């Protein structure tokens, strides 16, 4: 069964909270709150989002360290330069390159992680209403096609200014 998006636009935050309560009562647990004002997570009763940004720098640091060690040790072993009986692998200079490689990997993967966690780029925007940028609050729910009318009625009962359904031309 195909999913469709339903967007309820509310004039005030109190009406939006009532709309969120109606969505939860209708069995919709996963919905998005669209607003121009930052509200604390969970202010409308929505599910807290799971963020795993910390994994990206750790993976990047491990890859950066591995590449730096392979680069420095590989270069010294490929072109051995024995100076005064010292060992071929010079450990103190390898620390510097390893540190820089670790930091470079962590920074690059952090940037990729922020882009990934922000869900960018978004090629398909989905339902949106311009009034949201003017102070209105939108509740966007993705539901099965057979539940669209039930959700639409629940949002209208919660005093939504407008309810839009994906695929309907208005």
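Some observations on this one:
- For the range 1-41, the set of residues classified as at pLDDT below 85, more than 19 Å from residue 152 (Cα to Cα) and more than 16 Å from the chain's Cα centre (by Cα) is empty.
Yes/no matrix, rows are residues, columns are (1) assigned by TED's automatic domain parsing to the domain that holds residue 14; (2) modelled with pLDDT under 95:
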site	(1), (2)
46	yes, yes
59	no, no
66	no, no
80	no, yes
87	no, yes
111	no, no
130	yes, yes
133	yes, yes
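- The range 119-157: number of residues that are in contact with a helix residue (DSSP H, G or I) (Cβ under 8 Å, 6 or more places away or on another chain) and buried (at least 16 other Cβ atoms within 10 Å of the Cβ): 8
- Evaluation of residue 42 against (1) free of Cβ contacts under 8 Å to residues at least 60 places away in the same chain; (2) surrounded by 12 or more Cβ atoms within 10 Å (Cβ to Cβ) (one fails), failing number: (2)
- Residue that is closer than 29 Å to residue 164 by Cα, in contact (Cβ under 8 Å) with a residue 40 or more places away in the chain and surrounded by 10 or more Cβ atoms within 10 Å (Cβ to Cβ), where the choices are 116, 109: 116
- Matching residues, the range 12-23, being more than 18 Å from residue 165 (Cα to Cα) and surrounded by 14 or more Cβ atoms within 10 Å (Cβ to Cβ): 13, 15, 17, 18, 21
- Unique match (being over 16 Å from the mean Cα position of the chain (by Cα) and either exposed (fewer than 12 other Cβ atoms within 10 Å of the Cβ) or more than 17 Å from residue 119 (Cα to Cα) (or both)) among 51, 63: 63
The values are calculated or read from the model by the stated rules, or taken from the named source; none is laboratory data. Because the structure is predicted, anything quoted here is derived from the model rather than measured. Every residue, glycine as well, gets a Cβ built from its backbone with ideal geometry; the counts of neighbours run over all protein chains shown.
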